[in-house]
1. Taking into account only those residues within the stretch 181-210 that are farther than 18 Å from L135 by Cα and in contact with a Phe, Trp or Tyr (Cβ under 6 Å, 6 or more places away or on another chain), which is modelled with the lowest pLDDT?
2. For K123, state whether it is farther than 22 Å from L50 by Cα and part of a helix (DSSP H, G or I).
3. Being in a helix (DSSP H, G or I), within 17 Å of the chain's Cα centre (by Cα) and β-branched (V, I, T) is the requirement here; does I67 meet it?
4. Could you please let me know if I345 is at pLDDT 90 or above, under 30 Å from Q258 (Cα atoms) and crowded, with 20+ Cβ neighbours inside 10 Å?
5. Taking A47 and the conditions (1) closer than 25 Å to L272 by Cα; (2) modelled with pLDDT of 80 or more; (3) touching a Ser or Thr at 6+ places or on another chain (Cβ under 6 Å), which numbered condition does it fall short on, given that it satisfies the others?
6. Just checking, which of I166, I117, I127, I173 is under 21 Å from G56 (Cα atoms) and surrounded by fewer than 20 Cβ atoms within 10 Å (Cβ to Cβ)?
7. Could you pull out the residue among I170, I176, I133 that is at pLDDT 85 or above, in contact with an Asp or Glu (Cβ under 8 Å, 6 or more places away or on another chain), among the hydrophobic types (A, V, I, L, M, F, W, C) and assigned to a helix (DSSP H, G or I)?
Amino acid sequence: MFSKFKKTPNILAGHSLQDFVNYNLYYFFATFLLVGIQKLVIFPFIANKLGAEQFGSFVLFMTIINIIIVAIPGCINLVIIRVHSQYEKYQKFGLIKSGLLLNFILSIFTGILFFFIFPFFAKLFKIDPIYKIFLFPLAVYLVVYNIREGFLILKRIDLKFKEIAIYNIIFAILFILIIPLYSVFREKGISLGYVLIVTIATLIILPKTINILKGKISSNFLKQFYKFSPSFALASILELLLIASSRYIISYYKDPTQVAYFFAATSVVQVLAFPFAQIRTILLPFISQKKSLKEFKLKEIKAILFTSLGIGILMFVVGMIIGKFIITSLYGLDYYAHSRVVLFIILFGYIFNVFKIYLKNFIIVFFKRSVLIFNVTIMLLINIFINILFVPKYGINASAAGLSISLIISAIMWYVVFVRKLSEIRE
């Protein structure tokens, strides 16, 4: 029985099942802690201190920040994951250094742009003036956060998931600093906490990733980023705009208080989704070790897809059981009364979303980028269309329906494309 865990399946690039299980246990705990402390401790704390309307405004503000901190390092790191197998070990340092430099330049530029443009968003979407307290500090936060992600990519392609888990656990625990800082500096303590936390978390990982700075940048590396980064960035931004568009349309037609209720439900879903779907995050670097989809066994691919569907169903069941308890205990009965239908609808959609993000591993590494962009564009347009059409009358329940329907259609589209590709390869 235990001998099976010693096997080294083709898809795991020479690593045993036991190694893979261990990676997932480390990563599951770290991800749950990182997302859980933010969504279940810090955000409810901020919500209780600011009140529903100001908290809704804070959520709208952080939505843009999160788009930037995922999109910039995300698209650059995806390029590294896609092409790193073409290079020798010493060349990979140069590849990552090129990405880190590009990451820094884009983050500085975007941070400045965000600082000057967000006030116009605030007026358009009825955002409370409290955002002004957070504007400059969190622009700094997004730059430092992106640099941290740039350094961590070395650990991902080297499959050092235990180290990443340790770094993320430390990062998660540091977020608790926001609570004592608030008691001293009030609202300014929140923004100060974010900057202090990400700075400490970045400095901690530097000693073991400093070799990146010794790499040599070449024109070939920059060509790779020029070739792949724009499409990955576009796809990432479009995907992130899915929930962002829902929040901003709710604010436009309703008010930030409704955004706060919507956020309470989506927080429960995300706290579950991130850890449950993190096997996908770990699988991606393993899959990227291969140069072609032909190198995978069909039974391995089927196992991944069935597992993802099972994880999605498990997440739905767990979410429905603990969702009420989480929302009422952290935000209050009023929040749950307004968001219980939203919770059910989005959890159902996320069954398909978990399935979809496992497919995304193969799409990112082996398919044309146009497949990725087309899919997320259709998904976003469906969500926006449903939101604009039905949110004015039906509120946040309609927004949740738009989100779930778009996720389901997106998953079906990718599944059809993937099956066709597999049939071509097997012929």
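The values are calculated or read from the model by the stated rules, or taken from the named source; none is laboratory data. None of the values given here were measured: they were computed from a predicted structure. Don't worry about glycine lacking a Cβ; one is built from the backbone with ideal geometry, like all the others, and counts go over all protein chains shown.
1. First, pick out the residues of the stretch 181-210 that are farther than 18 Å from L135 by Cα: 183-184, 200-210.
Narrowing further to those that are in contact with a Phe, Trp or Tyr (Cβ under 6 Å, 6 or more places away or on another chain): 201, 205, 209.
Numbers: A201: 91, I205: 85, T209: 73.
The extreme case among them is T209.
2. no
3. yes
4. So I345 passes the test.
5. (3) is the only condition that A47 fails.
6. Working: I166 fails: under 21 Å from G56 (Cα atoms); I127 fails: surrounded by fewer than 20 Cβ atoms within 10 Å (Cβ to Cβ); I173 fails: under 21 Å from G56 (Cα atoms).
Answer to the check: I117.
7. I133
The rows are residues; the columns are (1) surrounded by fewer than 16 Cβ atoms within 10 Å (Cβ to Cβ); (2) among the hydrophobic types (A, V, I, L, M, F, W, C); (3) on the phi > 0 side of the Ramachandran plot; (4) outside any helix (DSSP H, G or I).
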| position | (1), (2), (3), (4) |
| --- | --- |
| I384 | no, yes, no, no |
| V391 | no, yes, no, no |
| G402 | no, no, no, no |
| I408 | no, yes, no, no |
| V416 | yes, yes, no, no |
